[in-house]
Amino acid sequence: MTKEYNIAILGATGAVGRRMIEQLEHSTIPVKSVKLLASFRSAGKKLKLKNEELTVEETTPESFDGIDLVLSSAGGAVSKKFLPEAVKRGAVCVDNTSAFRMDPDVPLVVPEVNPEALKNHHGIIANPNCSTIQMMMALEPIRRKFGLKQIIVSTYQAASGAGQAAIDELKKEAQDYLNGEDIRGNAKILPTKGDKRHYPLAFNLLPQIDVLEDSGYSHEEWKMIHETKKIMLGDMNSKDIKVTATCVRVPVIISHGESVYFEVEDEKATAQDIKDAVASFPGNILQDDIKNQLYPQPLNAEGTRETYVGRIRPDYENPGCFNMWVVADNLLKGAAWNTVENAEYLVKMDLI
Ligand code: NAP
Ligand code: 3JM
């Protein structure tokens, strides 16, 4: 008989959690039961899974009694508090926060890229940051065929990466701005909730995602650098690929864009070779036809699981170097889908 799983979704009412419910509905995971967990604020709220109405429960350690699989997306502090409790009770957790990503005992996995790492789990598997995931999807086929020496990335990140409150704030600012109001001074969430100052995103650009650190980099930039090294090289501090990043929040609701400049080891690689490698990788869609003005755009990626790559072109000044443009739905491939996909792989690989 096929095994069926008792599943808990932690953070079920959030921008990511709601999509985890939908992705689970359309997944291959055999489901026995689903429990929706959030804070006391949402306890009693009803959410739909397929045609069933489920009641959201407040999370306690006992919520995880009898649970086989946890899909978690309620912020780092909540993961740190509850996931060890879930593991103690025998559950396997796929965590979408940054809480455990750099723990050497926790695999950091994009299933198309490094599924073998799942075998080393001790109860927790981490989903990478949204910006890292889509960059890995575009670069891994290139790394496998031509080797990678260096990555320089600039991101154009949607408001939804900062949660439902940031989406609501951007929409309100846009309306107020169009009504002729001065929106400077009204922001309360972005660039990042816990910081001292807040700035409007509507009709603006914010070169700060997560906190700014003494190194001069934002924590989001730090995540992209070290997560890339852990996923591709198995060591968050490896020097074998040089990585640097600039992360910018843009007034888009859903889907991140990335301008990725990279240098390959094999200088004979052509732009066509790079396009062929990207296009043949499962989960990627090449949208690169400059004659027909075809290139990836956030509005078109929204609601889909794939990573879109285009504008692939050589740096004619530097042999072996290329530019490309990468777009994916940050709440799906960047979060909810990658989490559910990791869980599908765990089931397929008999690791739960
Ligand atoms: P969101 O819309 O603000 O939702 C937050 C969720 O967490 C809500 O369900 C909320 O429940 C729940 N929550 C908050 N405090 C809790 C507590 N003490 N106990 C239990 N549940 C609690 O945020 P989001 O955009 O969905 O993102 C959630 C988290 O996912 C982020 O904080 C981040 O760590 C992670 N994330 C990762 C990526 C990625 O790149 N992989 C992308 C986006 C987000 P209530 O309804 O009760 O408040
Ligand atoms: C994306 O409150 C928190 O801990 C959430 C902060 C956050 C994260 C994170 O650090 O987990 C917001 C948005 C992420 C992420 O995926 O790294």
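The values are calculated or read from the model by the stated rules, or taken from the named source; none is laboratory data. The structure presented is a predicted model; accordingly, all values stated were derived computationally and were not measured. Positions of Cβ are generated from backbone atoms using ideal geometry, with glycine treated the same way; all protein chains shown enter the neighbour counts. Surface areas here come from the heavy atoms of the whole protein model, side chains and all, with no ligands, DNA or RNA. Shrake-Rupley method; radii C 1.70, N 1.55, O 1.52, S 1.80 Å.
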Over the chain, what number does the Rg to Rh ratio reach, with both radii from the alpha-carbon atoms and Rh per Kirkwood? 0.97
What ranking, highest mean first, results for peptides 286-292, 175-181, 122-128, 258-264 when packing means the other Cβ atoms within 10 Å averaged over each residue? 122-128, 258-264, 286-292, 175-181
Using the Cα centre of the chain as origin and beta-carbon charges of +1 (Lys, Arg) and -1 (Asp, Glu), tell me which of PRO319, SER154, PRO141 is placed farthest towards the positive end of the dipole. SER154
With the 8 Å Cα cutoff and a minimum separation of six or more residues, the chain has a relative contact order in percent of 18
For region 1-70, what relative contact order do you get, as a whole percent, if you take Cα pairs closer than 8 Å and at least 6 residues apart? 38
If each DSSP helix of 4+ residues adds -39,500 (n - 2.57) and the sum is divided by the residues in the chain, what number results at 222 nm, nearest 500 deg cm²/dmol? -8500 deg cm²/dmol
From the phi angles alone, apply the Karplus equation (6.51, -1.76, 1.60; θ = phi - 60°) to region 293-302 and give each ³J(HN,Hα) in whole Hz, x where the residue is Gly or Pro. 6, 9, 7, x, 9, x, 4, 7, 7, 3
Just how large is the dipole of region 1-64 about the Cα centre, in debye to the nearest 20, putting +1 at every Lys and Arg Cβ and -1 at every Asp and Glu Cβ? 140
Arranged from highest to lowest average of other beta-carbon atoms within 10 Å per residue, in what order do the peptides 58-65, 7-14 appear? 7-14, 58-65
Can you give the direction-averaged projected area of the convex hull of the alpha-carbon atoms in region 268-352, in nm²? 7.2
Within region 294-352, list the chymotrypsin sites (Phe, Trp or Tyr not before Pro) lying in a DSSP loop whose Cβ has at most 13 other Cβ atoms in a 10 Å radius. TYR316
With 17 Å as the cut-off, how large is the P(r) tail for region 159-260, expressed as percent of Cα-Cα pairs? 57
Between LEU233 and ASP273, what length in nm is gained on full extension when 0.36 nm per residue of separation is reduced by their alpha carbon distance? 12.1 nm
In nm, the gap between the two label points placed 7 Å beyond Cα toward Cβ at ASP182 and THR246 is 2.9
Report the Rg/Rh value for region 18-74, based on alpha-carbon coordinates and the Kirkwood definition of Rh. 0.93
Around ARG249, which amide H atoms from residues at least 5 apart in sequence, or from another chain, sit under 5 Å from its own amide H, with H modelled in the peptide plane? GLN157, LEU206, GLN208
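At 1.4 Å probe size, with the rest of the protein present, what percent of the exposed accessible area of region 208-352 is carbon and sulfur atoms?
Percent of accessible area from carbon and sulfur atoms in region 208-352: 49.
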Residues meeting the amide H criterion for LYS242 (H placed from the backbone, H to H distance under 5 Å, 5 or more places apart or on another chain) are GLN150, ILE151
Take each of the peptides 212-222, 274-284, average the number of other beta-carbon atoms within 10 Å over its residues, and list them starting from the highest. 274-284, 212-222
Any idea of the accessible area per residue across the chain, 1.4 Å probe, to the nearest Å²? 46
For region 219-318, take the alpha-carbon Rg, divide it by the Kirkwood Rh, and send me Rg/Rh. 0.97
Tell me, rounded to the nearest percent, the portion of alpha carbon pairs in region 98-243 spaced more than 21 Å apart. 52
